[in-house]
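Here's the structure, in structure tokens; my notes come after.
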Amino acid sequence: PEKTLFDIAVLVKSMVLLFDDYDITLSGKSLVVYGDEKQLQQVLVNLIKNAQQAMLSNNTGIINIDWQQRSDIVEIKICDQGTGISNSDNIFVPFYTTKTDGCGIGLVFSRQIIVNHGGSLTLANRVDEQGAVASIVLPTRD
């Protein structure tokens, strides 16, 4: 990663503009992080697109993106109201996909970018309602 300081709020807001077909809510304030903005942009696009595709049968669903700093980490959560994760054991297996038009490398690639930033990427079914949550955890400094 080619890391620089940038505001995660500005990045997330710019990514949401690419997905104006869906109701996306944002909750987070200005927060400067140190990372590769272009790589994190790719991760966010992939995760938002996955959330969007999971909600094809729920056209009234909402995607919520939240970010906050806790101690020395930043956590970004992307929550959808889609179908949820049917086989969580294989989601990070290269070339595994449940999509008819997918190739199974998006999540693997996204996870590698986050790991290269010293962080982690997890996906799980929501416990509060139907859908999934993708959680990115990044250190606040190198």
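The values are calculated or read from the model by the stated rules, or taken from the named source; none is laboratory data. Since this is a predicted model, take the numbers as computed values, not measurements. So basically every Cβ, Gly included, is an ideal-geometry build from the backbone, and we count neighbours across all protein chains shown. Accessible surface is based on the protein model in full, side chains and every heavy atom, while ligands, DNA and RNA are left aside. Shrake-Rupley method; radii C 1.70, N 1.55, O 1.52, S 1.80 Å.
Tabulated data for the structure shown
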{"read-out": "Strands (runs of 3 or more DSSP E) wholly inside segment 1-85 that include at least 2 residues being closer than 18 Å to Ile114 by Cβ", "value": "4-7, 32-35, 62-70, 73-79"}
{"read-out": "Filter result for the condition that a residue is under 14 Å from Asn125 (Cα atoms) and open to solvent by 50 Å² or more (accessible area, probe 1.4 Å), over Lys77, Lys38", "value": "Lys77"}
{"read-out": "Condition met for Val127 (part of a loop (DSSP other than H, G, I, E, B), out of contact with any Pro (no Cβ under 6 Å at 6 or more places or on another chain) and modelled with pLDDT under 85)", "value": "no"}
{"read-out": "Test: Asp23 is among the acidic types (Asp, Glu) and out of contact with any Asp or Glu (no Cβ under 9 Å at 6 or more places or on another chain)", "value": "yes"}
{"read-out": "Residue match in segment 59-66 (condition: touching a strand residue (DSSP E or B) at 6+ places or on another chain (Cβ under 7 Å), open to solvent by less than 30 Å² (accessible area, probe 1.4 Å) and modelled with pLDDT of 90 or more)", "value": "yes"}
